[in-house]
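Report on one structure; see the data block that follows.
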Amino acid sequence: MISMSELLTTISLIFIIAGPFLLIANRYRLPTIPFLIIAGVVGGFFIDETLTLELARYGIALLVFTFGVRINPTSFRPVLRDSEIAAFGQIFVVGGLGFALGLLFGISTGEAIFLGIAVAFSSTIVGTALLESELRKNLLRARLAQTIQFIQDLLAIVILLLLGAGTLAVEPIATQFGFGIALLILALLTHKYLFETLGQLAGESDELLIISVVSLLVVFLAASELVGVSIVVGAFAAGLAVSHDPVEHLGLFNGVFSIRDFFVAIFFVTIGALVVVPFIELGWAASIEKLLLVTCLVVLTAVVKPLVTTAILLYNGYEARSSTLTSLSIDQVSEFALIIAIEALILGLLTQNVFDAIILAAAVTMITSSLSQHYNERIYRSLATHGLMPESHKKIDELSNITEGCVDHIIIVGYGRNGQQLTETCNEQDQPYVVIENDPALFDAVSSDCDAYVFGDAMEEYTWEKANVTDARLVISTVNSDPVSYRLLSFEFDVDVILRSDNVETALDFFDDGAIYVSVSEFLASEQLIQHLQELFDGDLTPAQIREQQLSDLEEYTSTKNTNKFGVN
């Protein structure tokens, strides 16, 4: 029996070891995941494996809970069918190859199944961590990746319930599934009837609501332990029970994500600590054999799986960029695959040798995934430049609507709050416009509110061709994304471009590259852009005058800011 003091001592040791590695990553602005895993490899020489396995189980469970909290079925619905095809395609193709690989290495049929699971399922934790900014911006690739991971997580829960039965007999399996379904039904009832009551009782206190949610988590974990179901299933059900709109319960979600950040660090360090280092903890012959198996697993996970996913998405009509970037965010071993491997090891269904290979492959792919996500644009551009990415515009053509004779129009990128304000202004001025959006959750709103729209990626030339940019009067991007803004400027449209930025320094760079106006959040409100547009429509200002006026204001603002900063009179 592991004592609480042993767990706390282990957690303290984890953060002591991880601290210097995180400082290095922060100092050189490098991805933190590789450094946390490397810290874990170092810590593995000092931390008992039994303690590490227990921490990994609870760490994964709590992270699954935080993922469940942010599940929004509304955002899944527009891409659900295509995501299902991609998810099952990964499982059957990549999982089948993983199973065949196991048999090729002389591994038993039962253990080869776990190798197939390891390479087929993708990590929600890593994917969500790497796609955080994309999820906040509601980008298509983030929705696709999140939905694929959600579908695979549901399948992983089914596998965990099968493992919990400990046998293939009908009665134990039926009991496990009965308890699992009961937990999910309880979660849905809590979500529908109890959560709002808790919110009302907590009043304006975010702290009380957070405590209530953590209490619900403990109840679901205790219930899963009581009925003999994996705690990961209980944690997932608890997340579903409290999943609500982040804007409505911002304080709660900030608190939950702080908890997530804490356990994310523990999770990656424990993965590293479970790694058995070849040539140091193993002999030469065993090390070479294991490295060969791990290399094959990594290739299947980090190379073959993205290729399969990209091919499926392209076949379903998605553009090459969205398909590629989606696949590069799910090119790692899943935490669910790890908890399945841990449970199988405990039950004696998996040998230590195969378990160690899965852990090492998971550690390597989580490192490579953070790098592939960091350089995803470069990878895609390199593939496209060498003609390796076929063009596919079926989805754009199906979902877009452009009226005939659309000329002298405004192209508005993004249909968030600012985009909606701009469309209202255009309607008031009888100014034709085309909206470019690629958030699946906004498709219904765009298609019902706007006469002309393109549902596509603003980074791709075909989207602009579809929006007839050559005959446009003005391009306005409401998307606060530097890569998108620089990409728009790189197209060198023969039309004036208005962009958005967080800071004045970046805005001045946009001006240097050809923008006529930049909406800067720290400098002016979006309403001022609306006012300038109305003056432009009325003929009171020309684009050149708008550019000159704002550029002068920004330079004056920067000068005043620097004067105040250095205390110059």
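The values are calculated or read from the model by the stated rules, or taken from the named source; none is laboratory data. All of these numbers come straight from a predicted model, not from anything done at the bench. Note: ideal-geometry Cβ built from the backbone for every residue, glycine included; neighbour counts use all protein chains shown. Side chains are part of the model used for accessible areas, which takes the heavy atoms of the whole protein and leaves out ligands, DNA and RNA. Shrake-Rupley method; radii C 1.70, N 1.55, O 1.52, S 1.80 Å.
For the reader, a short list of remarks on this structure follows.
Every residue, every condition in (1) more than 16 Å from the chain's Cα centre (by Cα); (2) assigned by the TED database to the domain that holds T301; (3) at pLDDT 90 or above, yes or no:
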residue	(1), (2), (3)
I346	yes, yes, no
L350	yes, yes, yes
N353	yes, yes, yes
A357	yes, yes, yes
V364	yes, yes, yes
S370	no, yes, no
H374	no, yes, no
E377	no, yes, no
R381	yes, yes, no
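- Residues (open to solvent by less than 10 Å² (accessible area, probe 1.4 Å) and either touching a helix residue (DSSP H, G or I) at 6+ places or on another chain (Cβ under 9 Å) or more than 25 Å from V407 (Cβ to Cβ) (or both)) located in the stretch 466-480: L474, V475, I476, S477
- Each residue in the stretch 190-238 was checked for being open to solvent by less than 80 Å² (accessible area, probe 1.4 Å), under 30 Å from A174 (Cα atoms) and hydroxyl-bearing (S, T, Y), and 4 pass.
- Total residues in the stretch 134-189 satisfying the condition of being open to solvent by 60 Å² or more (accessible area, probe 1.4 Å), modelled with pLDDT under 85, outside any loop (DSSP other than H, G, I, E, B) and under 30 Å from K395 (Cα atoms): the figure is 1.
- Contact map, the stretch 1-16: residues that are modelled with pLDDT of 85 or more paired with residues that are among the acidic types (D, E), Cβ distance under 9 Å, separation 6+ or inter-chain. Pairs shown: T10/D48; T10/E54.
- Counting only helices (runs of 4 or more DSSP H) that fall entirely inside the stretch 61-112 and contain at least 3 residues that are in the same structural domain as D153 (by the TED database) and buried (at least 20 other Cβ atoms within 10 Å of the Cβ), the qualifying elements are 80-89, 95-104.
- Residue within the stretch 264-272 that is open to solvent by 30 Å² or more (accessible area, probe 1.4 Å) and either more than 23 Å from F67 (Cα to Cα) or assigned by the TED database to the domain that holds T326 (or both) present: no
- Selected residue (only one of I358, I346 is open to solvent by less than 70 Å² (accessible area, probe 1.4 Å), assigned to a helix (DSSP H, G or I) and not small (G, A, S)): I358
- Residue within the stretch 328-339 that is out of contact with any Cys (no Cβ under 7 Å at 6 or more places or on another chain), more than 19 Å from A145 (Cα to Cα) and touching a residue at least 40 places away in the same chain (Cβ under 8 Å) present: yes
- None of T128, T124 is under 30 Å from V454 (Cβ atoms), assigned by the TED database to the domain that holds T351 and at pLDDT below 90 except T128.
- Checklist (1) out of contact with any Phe, Trp or Tyr (no Cβ under 9 Å at 6 or more places or on another chain); (2) farther than 16 Å from A458 by Cβ; (3) outside the structural domain of G317 (by the TED database); (4) open to solvent by less than 40 Å² (accessible area, probe 1.4 Å) applied to G416, failing item: (2)
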